[in-house]
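One structure below.
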Amino acid sequence: MAVHFSKQGKLRLFLALLIAILGLAGGGYWYFGYYTKTPAYSLRMIQEAVTAHDETKFTRYVDVDSLSASASDALLEGMMDADHSLSEESRATISGFTAMFRDPLRASFKGIILTYVRTGTWGGQVSGEGTPIDADVILSRAGLKAIDFRGIAFLEQDADGGTATVGLRVYQDEVDDEFIFKVKMLRAESGLWQATEITNFREFIVLVMKARQDQLKDYLTAADAVIDRHEAVIRAADRKLVETLQQGNLGDTVTRQAMKKIMEEEVLPDWHQREAELQTLSVPVQAQSLQRLRLRICAAQIQYAEAYAEWLDTKSAATVRKANELLKEAKTLEHEAKVLHQMQTKNK
């Protein structure tokens, strides 16, 4: 059935269509003429590029070279800031020495960023000019492997100055708190906005380093208390062994059995208990080498005590040689742990 409009109806229909067309045109102008040249649009494109693993799109809205250079410099400077033991002269010396690492560090940062965009994961093999530093080392040192993105905190724009700052909320496990990265964006001549630098990355590095120093201090205090308590038990057991031997001789079965009893009922249980207590401690990254050494010492001392107790029973030459080798290994490990402990104590 044909629909007939009056002249007035036709005029209304024409006006409605005209308004719709103007609305679409205005919306298109706003989108292509204004919105696509705002920091908010660039930020949205960066998010989409990361989600889609689109490296080409990502590099259009992020100046990866500038971001990598500033981040690598901030990492080196932040690490020095966090070390309060350094004198001004030492800082100047170290700063000159670390200059040789800047180019490979920047290449690695660039590779880390682009690898993350391509794969969605941190770390792995990276490529770049020169010889890049291992990605996992950088990520661990910078505390980036322990962050969780929580959202955008703010977006501030200085239209006249052609700059903007985006606040990115992240949670850092070691710090156990949120931190807001302040990402600087610059407007190019084309009107496109690019992310160029995390202006407070150096502050983030100092915060992570401070948290690690506190954790290291807590670990050393707790571990030293465990070791001191058990060393007292071992010293008392050693005195009993010496006294037992002085009152008899190794050729005497009674003496040997008495010494074996001390090894099995006092020395061995104490080393097992020390090992168990050390394993319950919270160990920060920078203390893991020391922790592994201490657990190896426990294992060697336990094996030594078992072999020595067996020798007291069997008088086997092979068994006593094994016991002596294990004791030598334990003493070597104890020396290494002592040196490492001194270094850790100095830096905590």
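All of (1) more than 26 Å from Ser282 (Cα to Cα); (2) modelled with pLDDT under 80 hold for Thr163 with one exception: (2).
Just the residues that are among the hydroxyl-bearing types (Ser, Thr, Tyr) and in contact with a Ser or Thr (Cβ under 8 Å, 6 or more places away or on another chain), please, taken from segment 210-244.
Tyr219, Thr244
Results for (1) over 16 Å from Met263 (Cα atoms); (2) not hydroxyl-bearing (Ser, Thr, Tyr), shown as yes or no for each residue.
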{"site": "Val285", "(1), (2)": "yes, yes"}
{"site": "Arg294", "(1), (2)": "yes, yes"}
{"site": "Ile297", "(1), (2)": "yes, yes"}
{"site": "Gln303", "(1), (2)": "no, yes"}
{"site": "Tyr308", "(1), (2)": "no, no"}
{"site": "Thr319", "(1), (2)": "no, no"}
{"site": "Ala323", "(1), (2)": "no, yes"}
{"site": "His335", "(1), (2)": "yes, yes"}
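Among the residues of this structure, Leu105 does not count as one that is modelled with pLDDT of 65 or more, in a helix (DSSP H, G or I) and within 16 Å of Glu203 (Cα to Cα). Before we move on, is Glu203 under 17 Å from the mean Cα position of the chain (by Cα) and assigned to a strand (DSSP E or B)? Against the criterion (under 17 Å from the mean Cα position of the chain (by Cα) and assigned to a strand (DSSP E or B)), Glu203 does not qualify.
Pairing residues of segment 158-184 that are within 11 Å of Asp148 (Cα to Cα) with residues that are assigned to a loop (DSSP other than H, G, I, E, B), at Cβ distances under 8 Å and at least 6 apart in sequence or on separate chains, gives Gln172/Gly143. Looking across segment 308-348, just one residue is touching a residue at least 60 places away in the same chain (Cβ under 8 Å) and hydroxyl-bearing (Ser, Thr, Tyr), and that is Thr345. Of the helices (runs of 4 or more DSSP H) that lie entirely inside segment 31-100, those containing 1 or more residues that are at pLDDT 85 or above and acidic (Asp, Glu) span 39-52, 55-61, 64-82. Among the residues of segment 147-180, those that are crowded, with 16+ Cβ neighbours inside 10 Å, of a type in the set (A, V, I, L, M) and assigned to a strand (DSSP E or B) comprise Ile147, Ala164, Val166, Leu168, Val170, Ile180.
Of all the listed residues (Thr163, Thr199), the sole one being within 30 Å of Ser42 (Cβ to Cβ), among the hydroxyl-bearing types (Ser, Thr, Tyr) and in contact with a Leu (Cβ under 9 Å, 6 or more places away or on another chain) is Thr163.
Taken as a whole, the condition of being among the β-branched types (Val, Ile, Thr) and buried (at least 19 other Cβ atoms within 10 Å of the Cβ) applies to Ile198.
For Val285, indicate whether it is surrounded by fewer than 16 Cβ atoms within 10 Å (Cβ to Cβ) and modelled with pLDDT under 95. So Val285 passes the test. For the criterion of being over 18 Å from Val206 (Cα atoms), at pLDDT below 90 and either in contact with a helix residue (DSSP H, G or I) (Cβ under 8 Å, 6 or more places away or on another chain) or surrounded by fewer than 16 Cβ atoms within 10 Å (Cβ to Cβ) (or both), Thr115 passes.
Table: residues versus (1) crowded, with 18+ Cβ neighbours inside 10 Å; (2) modelled with pLDDT of 95 or more; (3) among the hydroxyl-bearing types (Ser, Thr, Tyr).
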{"position": "Gln247", "(1), (2), (3)": "no, no, no"}
{"position": "Trp271", "(1), (2), (3)": "yes, yes, no"}
{"position": "Ser289", "(1), (2), (3)": "no, no, yes"}
{"position": "Gln303", "(1), (2), (3)": "yes, yes, no"}
{"position": "Val339", "(1), (2), (3)": "no, no, no"}
{"position": "Gln342", "(1), (2), (3)": "no, no, no"}
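The values are calculated or read from the model by the stated rules, or taken from the named source; none is laboratory data. Source: prediction; values computed, not measured. Reconstructed Cβ throughout: ideal geometry from the backbone, glycine too, with neighbour counts over all protein chains shown.
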